[in-house]
Amino acid sequence: MMIKKVERMELDERKTIILQAIIKNYLETGEPVGSRTISKYTDLNLSSATIRNEMSDLEELGYILQPHTSAGRIPSDKGYRFYVDSMMERHEREVEQLKDVLLEKEEKLDHMLKQAAKLMAVNTNYATMVTAPRITKNAIKFLQLSRMDDEHILAVIVIEGNVIKNTVIDVTESLNDETMLKLNILLNTHLNGLSAEEINLGLITSLKQQAGLYGPIIAEVIDAVAETIKEDDDLEIYTSGTNNIFKYPELSDNQKASDLINAFEEKQLLTQLLDESGDDENKNEIKVYIGEESPIQTMKDCSIVTANYEFGDGMRGMIGIIGPKRMDYDKVVGTIKTIKSQLDTMYKKDN
C-alpha cells in the first residue's frame, strides 16, 4: 500500500531546497549529508550555521534522520515521500502541459496539412500528397517511473518531438520510494539524449546489472522505448486531387488510373517516397522523379515532384505532386516551394 502523501504546507522554499539537496546527495553517495556539503551543493548562499538550523527543523518535522551523533543526516521515509511526490507532480504537470500543447498543435496541423494538399491540387490540377511530420531525431527526452499500486508501475516515456508513451509494467512485489527513485535516476542518467540505435546490448546489460533484482523492469522500459519509436512509423498522409488523373489521356486508361488511385490509398507505397526523399545529404532539396525514376512501380508513367518540410524538434514531413510526364514543371516547383516555406515557418510562428 502506498504511503499517504504528506502535507507540504509546513515546508517553505528554503527548507524544500535543502531537503531536496540532502536527498539527491545521499542518493548519489550513500553517505550521511552534513551542512558544509549542502552549502556547496545549493545556490542559497547560506552559512553552515543557518543550514544546520534548517536541518534541525527538518529533523524535528520528521523529514530527515541523524543516524549517529555528530554525523550528517539521511532522508526518512517521510522525506523520501515528499521528494518523490514533488518530483512526480512536476513531471505529471510537464506531461499534461505537453499533451495540451500537442493536442492543440495536432488539430491546427491536421487542418493546415489538409488545406495544403487541397491548395496544391487546385493550383496545379494534379494529384497531391502531404505527410504529417514524423520523428527524425528519436532521442529520449526523459523517462519517469511511478508506482500505481503494489503490483503495477507506470512508465512515462517522452521522445524528441514530444511523443509520449505510457506503459504499465507488472511487478511481483511492491517497490519502496528509494528503489523507485534509484531506478528513475539510473534510467535518466544513462538513457536521456540517446536514440534507439544508441541503446545497444552492452548498455542494456550494464543497466540490468546495476538494477540488480529490478533488471526485468529496465528491460520492459527499454522495450517500451522501442515501441514508442516504432509507433511513429504509422504516419498520416493527406491526399487531394486524385480525380485530376482522369484529365490526362495518358493516365486515364482504366488499369493505369486504377493502379494510381490504389497507390494513393496504400500508405505503405507512398511511404517509399518519404524514405527516398529523406536522404540526409539532400533533405532540403526539391526532387523530381520522371517516369522510370519513380520509386513506386505504379507511377512509372508519371512525374513526381517532392520536398521535405521541417517542423522543428527533429520533426520532418514531405509534400508531393504527381502528374503526367508533360506536367508544368515550372508551376509545380513554384507551388512546392511556396507550400514548403509556409510549413517550414508554421512551427516557428507557434513558438
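At a glance:
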quantity	calculated
Some residue of region 179-201 being in contact with a Pro (Cβ under 9 Å, 6 or more places away or on another chain), assigned by TED's automatic domain parsing to the domain that holds ILE218, assigned to a helix (DSSP H, G or I) and among the charged types (D, E, K, R)	no
Sole residue being modelled with pLDDT of 90 or more and in contact with a strand residue (DSSP E or B) (Cβ under 9 Å, 6 or more places away or on another chain), chosen from ILE321, ILE286	ILE321
Scan of region 66-82 for residues that are in contact with a strand residue (DSSP E or B) (Cβ under 7 Å, 6 or more places away or on another chain) and either assigned to a helix (DSSP H, G or I) or under 15 Å from SER35 (Cβ atoms) (or both), ordered by number	GLN66, GLY72, ARG73, ILE74, GLY79
Set GLU54, GLU59: member being more than 14 Å from PHE82 (Cα to Cα), part of a helix (DSSP H, G or I) and in contact with a Leu (Cβ under 9 Å, 6 or more places away or on another chain)	GLU54
Failed item in (1) outside any strand (DSSP E or B); (2) closer than 30 Å to ILE322 by Cβ, with GLN210 passing the rest	(2)
Conditions (1) touching a Gly at 6+ places or on another chain (Cβ under 8 Å); (2) surrounded by 15 or more Cβ atoms within 10 Å (Cβ to Cβ); (3) at pLDDT 85 or above: number failed by VAL122	(2)
Residues satisfying the stated conditions in region 147-198, i.e. buried (at least 16 other Cβ atoms within 10 Å of the Cβ), closer than 21 Å to GLN209 by Cα, touching a strand residue (DSSP E or B) at 6+ places or on another chain (Cβ under 7 Å) and of a type outside the set (S, T, N, Q)	ILE153, ALA155, ILE169, VAL171, LEU175, MET180, LEU183, LEU187, LEU191
Given (1) polar (S, T, N, Q); (2) assigned to a strand (DSSP E or B); (3) surrounded by fewer than 16 Cβ atoms within 10 Å (Cβ to Cβ), number of the condition GLN144 does not satisfy	(3)
Residue under evaluation ASP57, criteria (1) surrounded by fewer than 14 Cβ atoms within 10 Å (Cβ to Cβ); (2) of a type outside the set (Phe, Trp, Tyr); (3) at pLDDT 75 or above, criterion not met	(1)
Qualifying positions in region 158-178 - farther than 16 Å from GLY30 by Cβ, over 19 Å from the mean Cα position of the chain (by Cα) and in a loop (DSSP other than H, G, I, E, B)	VAL171, THR172, GLU173, SER174, LEU175
Test result for HIS111, in a helix (DSSP H, G or I), free of Cβ contacts under 8 Å to residues at least 24 places away in the same chain, surrounded by 16 or more Cβ atoms within 10 Å (Cβ to Cβ) and out of contact with any Gly (no Cβ under 9 Å at 6 or more places or on another chain)	no
Failed item, numbered, when ILE296 is tested on (1) surrounded by 16 or more Cβ atoms within 10 Å (Cβ to Cβ); (2) outside the structural domain of TYR329 (by TED's automatic domain parsing); (3) modelled with pLDDT of 80 or more; (4) not acidic (Asp, Glu)	(2)
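The values are calculated or read from the model by the stated rules, or taken from the named source; none is laboratory data. Because the structure is predicted, anything quoted here is derived from the model rather than measured. A quick note on method: Cβ atoms are made from the backbone with ideal geometry, for glycine too, and the neighbour counts reach across all protein chains shown.
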